[in-house]
Every structure is written in structure tokens, then in C-alpha cells.
Amino acid sequence: MLSKFRDIKAHLKKHKKLLGRREEKLAEKHKKKTPKYSLAPVLKDRYPSFVDALRDLDDALCLISLFAQFPQHLTLEIAKKDLETCQTLYRDFLLYCTISQCFTKSFFSIKGIYYRVEIMGQQITWVQPYKFNQRLPFDVDYKVMGTFTEFYIALLKFTNYKLFADLGVPYPVENFPVAQGAESGTGGQYFDVEKIQQFQTNARKLFDAANEDGETSVIDKAFQNTPEMQRLKRRMEASGKQRNLFGKCLFLLGRETPVYILQNLILSFGGSFVLQEEMPLDEKAHAEVMKKVTHMCHDRPLSSTEKGKEYVQPQYILDCINNLFLLPTKTYAPGIPPPAHLSPFIDNTEAGYLPDRQREINALAGIETLENLAEALSSDEEKEDEEAAKEAAAPMKGDLDSSDDEEANGDIESDSSDDKTGKTKSAKTKKVEKKKILSKADKTAQNEKIKRDLAKETQELGKMLMTNR
């Protein structure tokens, strides 16, 4: 690379000399022969395997998706050619993600749209900005960003080529599956649903064949119940739900909805969509399409609604994806403030806080939260304490009735104390088993309760022994 840079520098010096001599034709011919350098050896040295390249793809996608939204600017040295390459590369990567159905999570934020995909076991998370008119501030060094984009463009070219080669599709994609919107002028922006579904079926056959080849090796029974194998089973179940989440849904996307976001997610999770702009003008054809539509997605209040249709906002699609089941649509009606849009990238157990919306979703999904388990355990503890208090009060009455039967009562109380200690031990074992489910905060609270109960029991036993003496 250094030798190439030196050659380029010497070539540019000669070009300046020719311009100084006013030999413009020779200068133009000389400029066309400038030596070019390649970043392929740098990529090979930095990423020995393809998995290493996927791990470092987060920053590349963030920067390339940002440059894809930039306008052309001459003073800031932002060339149109670089912007077009960023747009094509990012579009091709999103196409692969929709074909392979590897989207796992998504989130609307103020910064942009967060995506997460899983490719070859590697989770890739990035932010895509919204499609607004960008105003470029002058206090940013765009030359540094340009050098990073040059490297990331080369990286994304290699990754796209490898990913599409695994699908058996030549790259760059010649017949890009884009809908031809002649009437609305949307051609070149949105995917063709039928073509994408054909690509998905072919890709699924390849993946299933690869899985069958991998399943030929028999796993020993001793390793089938390990936590690693259980994680793999959970991932397989989650991937099956992802592929068929919107399998019975046909969304009609309104004009104001962000189709460039929703189309990738709907198609990746097995659904299909129809644009309001591309609905047929013929009444019969329009009625046939409307019979198939299940969800009407709009982002503004509507004056009239049709029976048998579910009216939702765009947030509904992302919330269903993040929770892997279809949520009720009443709270997502257009014109009504939707429920809280929770981030799927935050672990509530680590944060130590469970939002109210997450409790509602867990109740709909049939998932028991830690707080419900803690309440059940506290009620069981209270019942056990009441039973122990009743049993402890029974022998105390026998001591007050007669002083002659102290020895017999002492034997009875010793037996009851032995029974109590046995019961307390059994209760403690039950508590230990139940505590494993709870979090750290709940464990500390339960430990304090247990200490108090033990202190009370020791005081009561001390009083009983003093009376026997």
C-alpha cells in the first residue's frame, strides 16, 4: 500500500508539471493513467475468516446507511459516485436479510431505526437514519469519515458477494426484485412480494439441505441436556416462529407509513403487503384484493372503517416482531396514542425494573414474572408461619392446667420441638428450591425474612425450654 501511495504521489507531481507547461492534452492523458490501489490485502490480513468480518460489520452498516442518505456536496468533497455505491450496497444487504429471513429485532428511536440480524451465529446491530432532508454541519471532518467509508465499502462488497454466493445468486444482482409502479411512480424503491417469496423458498431449501447434512452426526445422550444444546433448541424454535409470524397476514400500507422500513420486516417474517398507492382502479379487482387484506396499517386518524379488518399503526408490526406473537390490535388503532414502545435490546432482569407494558405483554404470552412468583412464595411463607404458630400455642396450654404432669408435658414438648425443627428444615428446603427462580433483589429480601422468622422461632423455643425447667 505504501509503494502504491508513493507512485500516486509521483504521478500527481508529473501531472502538475504538465499543467504548468500548459500541456493540457498530455495532462489529461497522464491523469487517466493514474495507478490504483486495492484494499483486498488489507481485508485479508484484518479478517482471516468470514465470521471475523461479520463481527465487525456493525460500524460499517451504520456509516454506509448514513452516507446513503447524504446529499451531494462539492465543498465537503462528498461525491455522488460514493453515495450511489453506498445506496446499492446497503440495498443489497437488506435484500439478503429479507431473503434469508435473518431479522430478529427492530426498534423505532429518535436517532433512527435499530435493526438486529443473525447471520452464521453472529448478531449484527446497527442504526439506519430516517429518510429526511439532511443538513450537513460544517464542524464535522468529512475527510476522516470518507476514509472509513472507503474501507467499509470494500468490506461490504466482499460480504455481499460471499452471502449471495452461498444462496447461489450471482452478485451483483442483475434482475433486482423491485415492484414496477407505473401508475404511482414507485418503481425502483419497493420490493416485489412474489419475487421475494420465490427467493425465500429457494433459500429455505438450501438451508434445510445444509441442516440435514449437519444432522447426520449423532449427538451423545450425555450432551443432549447441556445448556448449550438447550440454547440451540431455543434458537431453532425462535427461528421457526420468525419465519411464520405473519404467515396469515396481508398488510395494506398507507401512503404516510414508512414502507422502506416495514417491507423488509414484513417479508422477513413470512407476511406480505400491498401499497395503498398501487391498489387497482377496477372495482372488482379492488374488492378481490380487499378480501385478502387482514390488517390496515395507517399512521393518521381515519374517518371510516370496514368490518372484519384490523386497523393498526406501524409500531404494531415492530412490537409483534420483538415479542414473537401477534398482539391485540385495539390499543394500536390509528388516531389513538399507542402503548409504550419498549426497546428489545434492554434486559429487564439486569436493569432491575419491569415496565408496566412488559407485564401486560407477559400476561398475554402466559409468562410468569419474578414479581408474581415472589408474591406466591410470600403467601406460602405466611401460611407456614401461621401453622407453626398454632402448633406452638397448643402445648403451652397444657403447662398451665396441671403442675403434676410437667414431665409428661416436657416429653410431649420435646417431641413437638423435634417435629417443629423437622418441619422448619423441610420448609427451608422448599424455600431454597423456590429461591433459585428469583433474582438477586428478591433473594436478599427473602433472606431477611428468613432471618427474622428464625429469630422469632429461637425466642419461642427459649421461652418453652425455660418453662420446662
What number of residues within the stretch 280-312 are within 18 Å of Pro258 (Cα to Cα) and surrounded by 10 or more Cβ atoms within 10 Å (Cβ to Cβ)? 9
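Do we find a residue being aromatic (Phe, Trp, Tyr) and either touching a residue at least 40 places away in the same chain (Cβ under 8 Å) or in contact with a Pro (Cβ under 8 Å, 6 or more places away or on another chain) (or both) anywhere in the stretch 56-75? Show your work before the answer.
Residues of the stretch 56-75 aromatic (Phe, Trp, Tyr): 67, 70.
Narrowing the set further to residues that are either touching a residue at least 40 places away in the same chain (Cβ under 8 Å) or in contact with a Pro (Cβ under 8 Å, 6 or more places away or on another chain) (or both) leaves 67, 70.
Yes, the stretch 56-75 contains at least one residue that is aromatic (Phe, Trp, Tyr) and either touching a residue at least 40 places away in the same chain (Cβ under 8 Å) or in contact with a Pro (Cβ under 8 Å, 6 or more places away or on another chain) (or both).
Let's see how each residue does on (1) farther than 30 Å from Lys44 by Cβ; (2) at pLDDT 85 or above; (3) part of a helix (DSSP H, G or I); (4) not assigned by TED's automatic domain parsing to the domain that holds Lys111:
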position: Leu163; (1), (2), (3), (4): no, yes, yes, no
position: Pro172; (1), (2), (3), (4): no, yes, no, yes
position: Ala182; (1), (2), (3), (4): yes, no, no, yes
position: Gln197; (1), (2), (3), (4): yes, yes, yes, yes
position: Asn202; (1), (2), (3), (4): yes, yes, yes, yes
position: Leu232; (1), (2), (3), (4): yes, no, yes, yes
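Taking helices (runs of 4 or more DSSP H) that fall entirely within the stretch 29-112, which contain at least 2 residues that are within 28 Å of the chain's Cα centre (by Cα)? It would help to see each step written out before you state the result.
Working: elements: 40-46, 50-55, 57-67, 80-100.
Counting at least 2 such residues, we get 50-55, 57-67, 80-100.
Starting from residues that are among the acidic types (Asp, Glu) and outside any helix (DSSP H, G or I), keep the ones in the stretch 341-385 and report whichever is modelled with the lowest pLDDT.
That would be Glu368.
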Kindly indicate whether any position in the stretch 216-225 is surrounded by 11 or more Cβ atoms within 10 Å (Cβ to Cβ), assigned to a helix (DSSP H, G or I) and modelled with pLDDT under 90. no
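Can you tell me which residues in the stretch 99-114 are under 14 Å from Pro314 (Cα atoms), buried (at least 19 other Cβ atoms within 10 Å of the Cβ) and either free of Cβ contacts under 8 Å to residues at least 40 places away in the same chain or not aliphatic (A, V, I, L, M) (or both)? Give the steps one after another, and end with the answer.
Taking the stretch 99-114 and keeping what is under 14 Å from Pro314 (Cα atoms), we get 106-109, 113.
Now restrict to residues that are buried (at least 19 other Cβ atoms within 10 Å of the Cβ): 106-107, 113.
Residues satisfying the conditions are Ser106, Phe107.
The values are calculated or read from the model by the stated rules, or taken from the named source; none is laboratory data. What you see is a predicted model, and the numbers here were worked out from it, not measured in a lab. Here the Cβ is made from the backbone with ideal geometry for all residues, glycine too, and neighbour counts use every protein chain on show.
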